[in-house]
1. Looking only at residues in the range 9-31 that are closer than 24 Å to residue 49 by Cβ, without any contact (Cβ under 8 Å) to a residue 24 or more places away in the chain and over 12 Å from the mean Cα position of the chain (by Cα), which one is surrounded by the most Cβ atoms within 10 Å (Cβ to Cβ)?
2. Assigned to a loop (DSSP other than H, G, I, E, B) and on the phi < 0 side of the Ramachandran plot: which single residue out of 32, 67 fits that description?
3. Select from the range 36-54 the residues that are more than 13 Å from residue 3 (Cα to Cα) and either in contact (Cβ under 8 Å) with a residue 40 or more places away in the chain or in a strand (DSSP E or B) (or both) and list them in ascending order.
4. I'm trying to understand the selection: among the residues of the range 4-23, which are farther than 11 Å from residue 71 by Cβ and outside any loop (DSSP other than H, G, I, E, B)?
5. What is the residue count in the range 57-76 for residues that are touching a residue at least 40 places away in the same chain (Cβ under 8 Å) and more than 15 Å from residue 7 (Cβ to Cβ)?
């Protein structure tokens, strides 16, 4: 599954991942639009009721719920 296919938590099974589409990438921003300088998104993973974005720098950020980060698509 690709990141662009994930619209809601239930689109992924618990533990399932979604990767960026070919020739696409994603960066993360805070809810107020600040860019996060910790690599691009390697994949999304569902953990219970959360979807977590893991970056190429090995850090993880929630992309659902309170204080969620925003996925911003990038074309390569």
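1. Looking at residues that are closer than 24 Å to residue 49 by Cβ, without any contact (Cβ under 8 Å) to a residue 24 or more places away in the chain and over 12 Å from the mean Cα position of the chain (by Cα), I get 11.
2. Numbers: 67 fails: on the phi < 0 side of the Ramachandran plot.
After applying the criteria, what remains is 32.
3. Passing the criteria: 47, 49, 50.
4. 5, 9, 10, 11, 17, 19
5. Of the residues in that region, 5 qualify.
Read-outs throughout are calculated quantities, based only on the coordinates presented, and are distinct from any laboratory measurement. All of these numbers come straight from a predicted model, not from anything done at the bench. Positions of Cβ are backbone-derived with ideal geometry, glycine not excepted, and every protein chain shown enters the neighbour counts.
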